[in-house]
Structure formats: C-alpha cells, structure tokens
1. Quick check: anything in the range 93-105 assigned to a strand (DSSP E or B), within 23 Å of the chain's Cα centre (by Cα) and over 18 Å from N22 (Cα atoms)?
2. Among the residues of the range 84-127, what is the count of those that are open to solvent by 60 Å² or more (accessible area, probe 1.4 Å) and among the small types (G, A, S)?
3. Has the range 67-83 got any residue that is farther than 19 Å from P115 by Cβ, modelled with pLDDT of 90 or more and open to solvent by 50 Å² or more (accessible area, probe 1.4 Å)?
4. Checking T58 against (1) at pLDDT 90 or above; (2) surrounded by fewer than 18 Cβ atoms within 10 Å (Cβ to Cβ), which test does it fail?
5. Name the one entry in G57, G113, G147 that is over 23 Å from the mean Cα position of the chain (by Cα) and either within 25 Å of P32 (Cβ to Cβ) or assigned to a loop (DSSP other than H, G, I, E, B) (or both).
Amino acid sequence: VLAGSMLAAAPAAAAALLFEFNGSSFTLDSAPVPDESDVFFFGISGVSVTNDTGLVGTVDLLFRTSDIGGGFGFLLSGSPFLFDGPQLFTGPPADPSFLTGTFALTGSDLSPGAPDGTLTIRLANVDAAVPEPATWAMMILGFGLVGGTMRMRGIVREAVIAN
C-alpha cells in the first residue's frame with residue numbers, strides 16, 4: 001500500500017507568481033512554458049494585466065538575459081516598452097524559472113519614454129499546504145511504528161516484572 005501511494009503521488013505544480021510594476025500587475029507560473037524563445041530572451045503572449053484603477057488589458061511579455069540588458073519588456077497597442085535591469089530568471093530562455101524579489105529597472109534607450117520603476121516578484125497567494133498522498137502514507141506508517149514500539153515495550157516490561 002505504501003509503495004502504491006508513493007508511486008501515485010504527483011509532483012507539485014509550479015507556483016503562481018505575482019509581478020507588480022509601476023501600478024500594474026500580472027500573474028505568471030514560476031516555471032513558464034515560453035511561446036517563443038531565443039538564446040537571449042523568451043516571450044509569453046496574451047498575458048492579462050491589471051492596473052491600479054482595475055483596468056484589464058492584454059500584453060505580450062519579453063524577458064531578456066543579462067547579455068542584452070536583462071529586465072523585461074512588453075508590447076502594448078503596438079508600442080514596445082523595454083526595461084533594463086538584472087536578469088529575472090534562471091536557466092536557459094527555453095526553460096526558465098523566475099527569481100523572486102524586488103528589482104530596480106530603468107527605461108531602456110530602445111524605448112524612449114519608458115519610465116524607471118521597481119518590479120516585485122512574489123508568490124501570488126499562499127494557501128494552506130495540503131500534504132501529498134505519499135506524505136500522508138509516511139505519516140500514518142510513522143504513527144504505526146511508534147504505536148507498535150510502545151506496545152512492544154509494554155509487553156517486554158510485563159514479562160520482566162513477571163519473572
């Protein structure tokens with residue numbers, strides 16, 4: 001039963017991350033599957049963005065390696081906005097994993113008028129963790145072993161006292 005429970009346990013899904021930048025926010029998976037990638041960047045299309053007033057729009061996002069300025073950019077109404085800064089992910093652009101934290105970004109020279117700002121990447125929501133089936137199986141097995149050990153100690157103690 002225990003082996004079956006362990007085999008049936010699925011790996012945990014990647015966490016949802018909340019990105020907040022200059023009054024706008026969007027949510028992405030911590031290990032996204034890029035819609036496009038190159039040696040120097042990866043892109044994710046059709047991301048819903050909400051701003052302080054509740055306005056929702058859709059943008060295409062571009063995350064760049066430090067080799068070409070780092071940071072990220074987006075395409076809004078046909079206009080590109082690029083922000084230079086540290087690389088915001090680890091791994092190759094074809095298989096990225098986002099970093100969390102607060103990052104200072106500056107408007108790129110390639111995007112006149114793009115404002116400087118601070119990008120914060122954090123867990124989107126922290127729900128109570130629910131143990132996986134294998135965890136439950138190990139916990140129940142552990143309780144059983146502790147209970148069995150306590151019972152055996154009682155039997156051995158009674159045998160010693162009786163002699």
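1. Our first condition is that a residue be assigned to a strand (DSSP E or B); within the range 93-105, this holds for 97-98, 101-105.
Next, from what is left, pick out any that are within 23 Å of the chain's Cα centre (by Cα): 97-98, 101-105.
Adding the requirement that they be over 18 Å from N22 (Cα atoms) leaves 97-98.
So far as the range 93-105 goes, yes, one or more of its residues are assigned to a strand (DSSP E or B), within 23 Å of the chain's Cα centre (by Cα) and over 18 Å from N22 (Cα atoms).
2. Total satisfying the criteria: 3.
3. Keep residues of the range 67-83 that are farther than 19 Å from P115 by Cβ, which gives 67-68.
Okay, now just the ones that are also modelled with pLDDT of 90 or more, so 67-68.
Narrowing further to those that are open to solvent by 50 Å² or more (accessible area, probe 1.4 Å): 67-68.
So far as the range 67-83 goes, yes, one or more of its residues are farther than 19 Å from P115 by Cβ, modelled with pLDDT of 90 or more and open to solvent by 50 Å² or more (accessible area, probe 1.4 Å).
4. (1)
5. Numbers: G57 fails: over 23 Å from the mean Cα position of the chain (by Cα); G147 fails: either within 25 Å of P32 (Cβ to Cβ) or assigned to a loop (DSSP other than H, G, I, E, B) (or both).
Exactly one residue qualifies, and that residue is G113.
The values are calculated or read from the model by the stated rules, or taken from the named source; none is laboratory data. As the structure is a computational prediction, the values presented were derived from the model and not from experiment. Backbone-built Cβ (ideal geometry, glycine too); neighbour counts: all protein chains shown. The protein model used for the area step is the full one, side chains on, heavy atoms only, and it has no ligands, DNA or RNA in it. Shrake-Rupley method; radii C 1.70, N 1.55, O 1.52, S 1.80 Å.
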